[in-house]
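Enquirer: I'd like to ask you about the structure that follows.
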Amino acid sequence: MPDAPLPPLQIVDVQRRVGAELDRIGPVIDELGARFADAGEELALVGGPVRDAMLGRLQNDLDFTTSAHPDVTERLLRGWADAIWDMGRAFGTIGCRKGPWQVEITTYRAETYDPASRKPDVEYGDSLAGDLGRRDFTVNAMAVRVPGREFEDLHGGVVDLAQRVLRTPGTPEESFSDDPLRMMRAARFAAQLGFTVAPEVVAAMTAMAGRIEIISAERVRDELVKLVCAPYPRLGLTLLVETGLAAHVLPELPALALERDEHHRHKDVYEHTLTVLEQSIDLEHRLGGGPDFVSRFAALMHDIGKPRTRRFESGGIVTFHHHDVVGAKMTRKRMRALRFSNSDIDAVSTLVELHLRFHGYGSGEWTDSAVRRYVRDAGDQLERLHILTRADCTTRNQRKADRLRRTYDSLEERIARLSEQEELASIRPDLDGNEIMGILGIGPGREVGEAYRFLLELRMDEGNLTPDEARTRLLEWWAQR
């Protein structure tokens with residue numbers, strides 16, 4: 001995972017790749033282009049698909065721009081597409097599916113933001129050139145007219161793509177005034193593509209960072225998720241911090257740069273956090289899928305409680321007691337502000353709150369009861385907690401790192417053994433609520449909850465009990481209550 005942008009490409013390689021990719025998708029783009037041409041309309045493959053074709057990474061999502069208005073587009077797709085939808089009609093977009101291809105076709109546009117508005121005013125444009133000029137970056141402002149496959153690059157996108165540089169078609173100030181979210185998109189594309197951002201673009205982002213405030217929390221959240229789940233999130237996050245954008249959308253992150261960690265092993269907690277994020281990504285294979293936002297965001301947020309809990313002790317010692325608990329509360333607050341789902345909020349904040357728990361394990365002194373509680377408290381986030389805890393070791397002392405790894409290996413082995421014996425992931429008391437009420441002769445109420453919690457603690461401390469043993473212990477507790 002690079003700390004710096006990727007090296008340049010050769011233009012001849014770019015041209016060869018795009019030719020091969022266009023041949024691969026030829027049947028769909030040529031057929032569709034012919035339908036529009038026969039109706040006297042223009043159609044061009046545009047934006048991300050053209051860029052990705054040049055990078056040799058074209059997916060099944062194809063974006064087109066057209067002179068046709070949505071009603072005409074919809075009519076031309078009938079009889080050709082397998083399915084059609086118009087959820088984006090208000091923005092001039094009609095979507096469809098053709099075999100394995102997901103297609104979106106948008107009328108030439110010219111959209112701008114009112115200085116105080118969160119939503120764009122959409123107006124239809126009248127030319128491909130005008131449409132390309134309003135796009136966010138030159139590498140996304142290239143098009144291939146179909147069916148003739150004529151390449152359009154009015155803003156030097158091919159050269160910028162070969163150099164792996166993000167520039168805007170016009171001035172960045174104009175671009176970001178039209179849509180401030182493009183500042184976050186710059187950071188996101190840096191993280192996704194490993195590109196650098198042109199100095200004038202960085203300068204405009206820095207000067208205009210406060211304008212991101214007019215963008216809805218949902219749109220900011222979506223860009224942040226894409227950035228965090230990108231191949232090179234450090235590049236994007238660093239850009240957000242250095243331009244001041246992070247101070248508006250995720251202020252807890254730049255705040256970490258003000259703190260040194262308690263071991264003085266890293267430049268600051270901010271750098272430690274980015275390292276933990278990268279190490280967490282290296283362990284994602286344990287989850288069995290692709291990029292995992294919850295795991296990555298927990299790594300990013302796990303130490304945000306440190307600035308609020310920093311204390312200076314005698315002898316120059318700095319402590320951050322309870323930063324896990326404080327950080328979990330801060331995580332909930334920030335994720336709510338960004339309109340994350342309750343499930344994501346619960347998952348990430350649980351991981352932040354539990355990320356220090358392992359350090360009480362020592363060299364294996366935990367009882368089986370403590371191991372059960374660790375599993376119970378982690379719940380369905382246990383595997384992610386394993387990842388975060390392992391990733392949180394960034395010491396340069398190899399002997400210490402090896403010792404921590406072996407100790408956590410030991411904990412995971414104990415969890416596996418106990419799980420085989422006791423189904424730890426679904427620990428319940430040995431008696432359910434109905435059985436408790438029947439044994440104690442009581443109805444629903446607070447006392448049933450108290451009895452349930454007593455039996456759950458008993459289950460944690462002693463493992464499985466037989467029904468008779470559980471009944472006896474419950475009656476003893478009830479008599480002494």
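The values are calculated or read from the model by the stated rules, or taken from the named source; none is laboratory data. Since the model is a prediction, treat every value here as computed from it, not as a measurement. No Cβ is skipped: glycine too gets one built from the backbone with ideal geometry, and neighbour counts run over all protein chains shown. Heavy atoms of the whole protein, side chains included, go into the accessibility calculation; ligands, DNA and RNA do not. Shrake-Rupley method; radii C 1.70, N 1.55, O 1.52, S 1.80 Å.
Enquirer: Please report the equivalent ellipsoid semi-axes of region 423-481, computed as sqrt(5 x eigenvalue) of the Cα gyration tensor, largest first, in whole Å.
Expert: 18, 12, 10
Enquirer: Assuming 0.692 mPa s and 37 °C, estimate D for region 293-447 with Stokes-Einstein, Rh taken as the Kirkwood radius over Cα pairs, in µm²/s.
Expert: 184 µm²/s
Enquirer: Just checking my list (1) 0.93; (2) 1.22; (3) 0.99 against Cα Rg over 2.2 N^0.38 Å computed from this structure; which label fits?
Expert: The value computed from this structure is option (2).
Enquirer: Compute the distance in nm between two label points, each set 7 Å from the Cα along the Cα-to-Cβ direction, one at Q102 and one at A34.
Expert: Between Q102 and A34, the label points sit 2.7 nm apart.
Enquirer: Taking 0.36 nm per residue of separation and subtracting the Cα-Cα distance, what length does fully extending R399 through T472 add?
Expert: The R399-T472 span can extend by a further 21.3 nm.
Enquirer: At 1.4 Å probe size, with every protein chain present, just tell me what the per residue accessible area of region 1-113 comes to in Å². It would help to have the intermediate numbers written out before the result.
Expert: Working: 5240 Å² over 113 residues.
With all protein chains present, region 1-113 gives 46 Å² per residue.
Enquirer: For region 232-370, what does the convex hull of the Cα positions come to per residue, in cubic angstrom? Each step should come with its number before you reach the end.
Expert: Details: hull volume 20.2 nm³, N = 139.
So the per-residue hull volume is 145 Å³.
Enquirer: Ok, one more. Please compute the Kirkwood hydrodynamic radius over region 367-475, one decimal place, Å, based on all pairs of different Cα atoms.
Expert: 15.9 Å
Enquirer: Along the three principal axes, how long is region 13-91 when you take its alpha carbons, biggest first, rounded to the nearest angstrom?
Expert: Each principal axis gives a Cα extent; for region 13-91 these are 39, 25, 23 Å.
Enquirer: Starting from 0.36 nm per residue, how many nanometres of slack lie between F312 and R339 once their C-alpha separation is accounted for?
Expert: Fully extending the segment from F312 to R339 adds 6.1 nm.
Enquirer: State the extension gain, in nm to one decimal, for the chain segment bounded by S410 and A90, taking 0.36 nm per residue of separation less the distance between their alpha-carbons.
Expert: Extra length available between S410 and A90 comes to 109.5 nm.
Enquirer: Between R57 and R78, what FRET efficiency comes out of the Förster formula 1/(1 + (r/R0)^6) with R0 = 25 Å and r the beta carbon distance, rounded to 0.05? Could the numbers behind the result be given before it?
Expert: Details: r = 32 Å, r/R0 = 1.26.
Step by step, r from the Cβ atoms, then E = 0.20.
Enquirer: Quick one: of K226/K306; K306/K329; K98/K226, which pairs are farther than 24 Å apart, Cα to Cα?
Expert: Beyond 24 Å between Cα atoms: K226/K306; K98/K226.
Enquirer: I'd like the carbon and sulfur percentage of the solvent accessible area for the chain, probe radius 1.4 Å, heavy atoms only, ligands and nucleic acids excluded.
Expert: Working: 10650 of 22140 Å².
With neighbouring chains kept in place, the figure for the chain is 48 percent.
Enquirer: When ligands, DNA and RNA are left out and all protein chains stay put, how many square angstrom of accessible area per residue does region 274-408 have with a 1.4 Å probe?
Expert: Spelled out: the 1.4 Å probe surface of region 274-408, per residue, equals 47 Å².
Enquirer: Another question about this same structure. Taking just the C-alpha trace of region 174-252, give me its Rg and Dmax in Å.
Expert: For region 174-252, the Cα radius of gyration and maximum Cα-Cα distance read 11.1, 29 Å.
Enquirer: Can you tell me the order of 347-356, 365-374 when each peptide is scored by its average per-residue count of other Cβ atoms within 10 angstrom, highest first?
Expert: Averaged packing, sorted descending, gives the order 347-356, 365-374.
Enquirer: Hey, rough spin-label estimate for E462 and L154, points 7 angstrom out along Cα→Cβ, what's it come to in nanometres?
Expert: Placing both labels 7 Å beyond Cα along the Cβ direction yields 8.0 nm.
Enquirer: What does the helix-only formula give at 222 nm for the chain: each DSSP H stretch with n ≥ 4 adding -39500 (n - 2.57), the total divided by the residues, and the result rounded to the nearest 500 deg cm²/dmol? Walk me through the numbers before you get to the answer.
Expert: Values: 24 runs with 255 residues, N = 481.
Taken over the chain, the calculation gives -16000 deg cm²/dmol.
Enquirer: Would you mind calculating the relative contact order of the chain from Cα pairs under 8 angstrom and at least 6 residues apart, reporting the percent as a whole number?
Expert: Relative contact order of the chain: 9 percent.
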